[in-house]
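Visitor: Sharing a structure here in structure tokens format.
Rule-based calculations on the coordinates, nothing more; no lab input. Values in this document were obtained by computation on a predicted structure and should not be read as measured data.
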Amino acid sequence: MSEQNRRDFLRHSGQAACAIAIGGVGFELGRRACAQDAWVIAPNQCINIRLGVTGAVNVCDACATSCVLPLSAVRAVNDHSACGRCCICPAYYDVLSPTGSDGLPTKKLCPRDAITRTPIGEIDPYDPLNNFYEYTIDEEKCNGCGRCVMECKDPAGLGSIRLEVRNDLCLRCNRCSIAEACPEDAYCRVGPEPRPTTQLDGGHG
Ligand code: SF4
Ligand code: SF4
Ligand code: SF4
């Protein structure tokens, strides 16, 4: 591969190389030098996050299924400051499931039961719909499947739940398998400089 082709390949595949010469220096040194080098999700490109795409049939689960880690490095995160604390949260409940005697849907949406809700203030026992809740995502359970993210956006939700790459978990594979699987080129590498493949990267990508 010529030098020019190689450069093009690196640019287009998202592979990156640090400007410093890692050479025989250990992986940790390279990793520290590239502290800002990370994979991120572009929210306006991700199918699950971006506005205008709705419905369970459109959910993209590639972030959950393509990571080399047993439990993906991607998680759903709820920004509590933007959350409406809705009683019937479309990310918490499967709003298409039958309604129970309390007026609430009988099934939850998350297939991994990773979302919990805690009442805010005093519960109104006479009107279950007149209560507000804080929704929290259990990162030990969430695999970033994106279903809740798809539901928590206009017109049903406020968009407080989004998908994020957890950089404390991500191995920063040179060739991220999620980026390769992403149908929208929404998985991007950011950082000050590209970095070359290391021994450890070779095992993951
Ligand atoms: S992304 Fe999937 S696994 Fe995680 S909380 Fe949402 S629905 Fe559950
Ligand atoms: S770089 Fe590797 S560990 Fe990180 S999200 Fe991609 S596949 Fe998973
Ligand atoms: S693979 Fe791409 S489109 Fe699919 S959920 Fe991940 S970032 Fe979004």
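Visitor: How much length is gained on full extension from Glu134 to Leu96, taking 0.36 nm per residue of separation minus their Cα-Cα distance?
Guide: Here the answer is 11.5 nm.
Visitor: Quick one: compute a quarter of the convex hull surface over the Cα atoms of region 43-158 and quote it in nm². Walk me through the intermediate numbers first.
Guide: Values: hull surface 30.8 nm².
Computed as one quarter of the Cα hull surface, the answer is 7.7 nm².
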